[in-house]
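Notes follow the structure.
The values are calculated or read from the model by the stated rules, or taken from the named source; none is laboratory data. Just so we're clear, the structure is a prediction, and the values are computed from it rather than from any experiment. Because the Cβ atoms are built from the backbone with ideal geometry, glycine has one as well, and the counts that use them run over all protein chains shown.
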């Protein structure tokens, strides 16, 4: 008797409701007698399975049976469905199908109790298709090419190997290995245009892998995302944001009521936009390079409003 076949029988019954013994016998390439022995074994194990005779009869499970009742409590099942529903609301690919299957498996008919929407206003099918493409590139180790719009509005052609999808500060990003710069780079998904797979992606990735082996000597090192060590001074009026967005141990209150914040954040154009979103409530103390770039951008803004 194969335990795997017994579990498959339960899954089939959960999905289809009632199935005849000959159908199961054909499905598993065993005799009808073997199927009835499986039914008896499941019944002895405490599974509420039964067979009914006549037209419309067959093998069924009790209406309220849940396969993993002993493994997952009702609360845990609800939490799993809540997480999947959150992904679905964010328009993450394939989540609807998984959510539907688990809802059926858990026998939860009322699961639409919350709406969580991370997607931007006006985003639709194109964004879903882009998520699906990026997911495929990550899972299948493909290289993509795309046009990227910078914060300054400039368009540049990029080639990269996507590594991970990120949701940070109310927006989706994709962490990649840039082939032009041979380094980790993060791109905001809404600024990516004309995303497509590269035909020679396997060759490019093989070359990239080989170059890392040669540089390391023996094995491929694991890239760690670059970080920038920041020291920020935030006015008392900005307390509500730093409490929400930084760890408690990285915040220290000063004698004048302001706050000193230390943080390690990834580099990129998003960083300057994020810091500027504090307005005059925030001052970059370190590093000097970030401080100077913030100064340059604010001076450029000042010139526009001084005309």
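A few remarks follow.
- Residue match in the range 216-234 (condition: over 31 Å from the mean Cα position of the chain (by Cα) and modelled with pLDDT of 85 or more): yes
- Within the range 1-23, the set of residues being at pLDDT 85 or above and either assigned to a strand (DSSP E or B) or within 37 Å of the chain's Cα centre (by Cα) (or both) comprises 18, 19.
- Among the conditions (1) closer than 19 Å to residue 127 by Cβ; (2) surrounded by 15 or more Cβ atoms within 10 Å (Cβ to Cβ), the only one that residue 164 does not satisfy is (2).
- Yes/no for residue 238 being free of Cβ contacts under 8 Å to residues at least 24 places away in the same chain, in contact with a helix residue (DSSP H, G or I) (Cβ under 7 Å, 6 or more places away or on another chain) and either surrounded by 13 or more Cβ atoms within 10 Å (Cβ to Cβ) or part of a loop (DSSP other than H, G, I, E, B) (or both): no
- Pair list, Cβ under 7 Å, 6 or more apart: the range 47-75 residue at pLDDT below 60, other residue not in a loop (DSSP other than H, G, I, E, B): 66/106; 67/10; 67/14; 67/105
- Of all the listed residues (145, 110, 119, 104), the sole one being loosely packed, with under 12 Cβ neighbours inside 10 Å and either modelled with pLDDT of 85 or more or outside the structural domain of residue 12 (by TED's automatic domain parsing) (or both) is 110.
- Whichever residue in the range 250-301 is in contact with a strand residue (DSSP E or B) (Cβ under 7 Å, 6 or more places away or on another chain) and assigned to a helix (DSSP H, G or I) and, among such residues, is farthest from residue 176 (Cα to Cα): 281
- Residue match in the range 184-198 (condition: modelled with pLDDT under 85 and not in a helix (DSSP H, G or I)): yes
- Residue in the range 275-293 that is more than 26 Å from residue 153 (Cβ to Cβ) and touching a helix residue (DSSP H, G or I) at 6+ places or on another chain (Cβ under 6 Å) present: yes
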